[in-house]
Amino acid sequence: MPETIVIINNYADQMKKIVLVVAAILTAVSGFAQKTADIGIWGGASTYIGDVKDVPPFQSFNPNFGAFFRYNFNPRIGLRAMFLTGKISGDGNIEGTPWNFEKGVQDMSLQVEINFLKYRVGEKKTPFSPYLLGGIGVMYYPYEVDPALIYAFNQNHNKGMAIIDESVVALSLPFGMGIKTHVGERLGIGVEYLMRKHFVDKLDNLDDPLAFINNEGKETVYSDFFHNNDWSGYLGVHLTYKIYLGKEACPAYDKIYR
């Protein structure tokens with residue numbers, strides 16, 4: 001129980017830091033001439049890529065939902081703070097041994113959104129635009145595994161003997177692409193595909209599954225902070241509503257981006 005409390009407290013501290021960073025960035029950029037922003041809701045499905053092989057493409061789809069706030073620096077560049085929540089799962093095999101997992105995953109990210117075309121929600125001169133996303137994020141999810149199950153395909157694994165049951169706060173590298181348009185003066189709609197590169201190899205409950213300790217007690221590992229197999233993807237649509245942070249955009253400033 002004390003360990004669980006420590007994990008929860010650590011997670012809460014991480015979330016507070018992220019919120020403070022986002023707030024500081026938004027405050028810092030609030031002096032820019034283009035004072036518009038968008039709030040949005042997101043709905044779609046998640047998918048998984050990792051150590052589990054032969055996972056049917058559509059079998060791993062799970063519903064996910066979220067929301068975001070996007071500050072528009074100008075018609076080309078925005079900053080998006082986003083939250084996604086839902087399940088991620090996979091059912092296949094590892095080294096020929098059946099393996100499956102399913103867990104709830106919370107995703108928070110801060111990303112720069114770059115439009116290929118000049119775009120503002122509700123303006124007829126800017127009806128649509130493809131865009132790219134990229135930034136940094138964190139993911140929160142449980143990690144549960146019985147080392148006896150890993151023994152089926154790795155008799156010399158380095159996971160010990162005790163059942164592992166913990167919570168993970170994992171750094172991620174979010175990026176993606178999409179296309180958006182508007183359906184009114186303040187309403188916009190878009191479709192996008194997002195990816196997350198995980199820097200912790202525990203999403204599928206397989207943390208460096210082929211790592212082993214040889215007869216001399218020496219450990220061999222294949223995964224580290226930068227190199228592991230865990231990825232997650234999100235395909236979805238979003239509905240946005242434009243809000244004004246100031247009375248008008250500055251024409252001289254805006255002209256640069258036309």
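We did not get these values from a lab; they are worked out from the coordinates using the rules stated. The shown structure was predicted, so the numbers you read here are calculated from the model rather than taken from an experiment. Because the Cβ atoms are built from the backbone with ideal geometry, glycine has one as well, and the counts that use them run over all protein chains shown.
What order, most packed first, do the peptides 205-215, 155-165 have when packing is the mean number of other Cβ atoms within 10 Å of each residue? The partial results should precede the final answer.
Values: 205-215: 17.7, 155-165: 12.4.
Those peptides, ordered most packed to least, come out 205-215, 155-165.
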**OP:** Enumerate the calculated ³J(HN,Hα) couplings along the range 221-238 in order (Karplus 6.51 cos²θ - 1.76 cosθ + 1.60, θ = phi - 60°), each rounded to whole Hz, writing x wherever the residue is Gly or Pro.
**Re:** 10, 10, 10, 9, 4, 8, 10, 7, 9, 7, 9, 9, x, 9, 10, x, 10, 9
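Please report Phe73, Phe65 as a ranked list, fewest other C-beta atoms within 10 angstrom at the top and most at the bottom.
The fewest-first ordering by Cβ neighbours comes to Phe65, Phe73.
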Original post:
If we count other beta carbons within 10 Å of each Cβ, what is the order of Trp99, Trp42, fewest first?
Top reply: Trp42, Trp99
**OP:** Taking H placed 1.01 Å from N in the peptide plane, check which residues at least 5 places from Ile243 or on another chain put their amide H under 5 Å from its amide H.
**Re:** Ala37, Asp38, Ile39
**OP:** Measure out, as a whole number of angstrom, how far apart the alpha-carbon centroids of the range 141-173 and the range 90-130 sit.
**Re:** 27 Å
**OP:** Per residue, how big is the convex hull around the C-alpha atoms of the range 35-112? Give it to me in cubic angstrom, could you?
**Re:** 98 Å³
**OP:** Please give the contour-minus-distance gain from Asn158 to Glu144: 0.36 nm per residue of separation, less the Cα-Cα distance, rounded to one decimal in nm.
**Re:** 3.5 nm
**OP:** Enumerate the calculated ³J(HN,Hα) couplings along the range 143-150 in order (Karplus 6.51 cos²θ - 1.76 cosθ + 1.60, θ = phi - 60°), each rounded to whole Hz, writing x wherever the residue is Gly or Pro.
**Re:** 10, 9, 7, 9, x, 5, 6, 5
Subject >> Subset of Lys87/Lys180; Lys35/Lys242; Lys124/Lys242; Lys53/Lys218; Lys159/Lys197; Lys118/Lys242 violating a 19 Å alpha-carbon distance limit >> reply: Lys87/Lys180; Lys53/Lys218; Lys159/Lys197
Original post:
Label-point separation (nm) for Ile39 and Lys197, each offset 7 Å from Cα along Cα-to-Cβ?
Top reply: 3.4 nm
Original post:
Considering the zone a paramagnetic label at Gln106 would reach in this model (a point 7 Å from Cα along the Cα-to-Cβ line), which residues of the range 125-142 have amide N under 19 Å from it?
Top reply: 136-142
Original post:
Under the Karplus relation 6.51 cos²θ - 1.76 cosθ + 1.60, θ = phi - 60°, what is the ordered set of whole-Hz ³J(HN,Hα) values for the range 86-92, x standing for Gly and Pro?
Top reply: x, 9, 10, 8, x, 9, x
Original post:
How far is it, in nm, from the label point at Phe226 to the one at Ala67 when both lie 7 Å from their Cα along the line to the Cβ?
Top reply: 3.8 nm
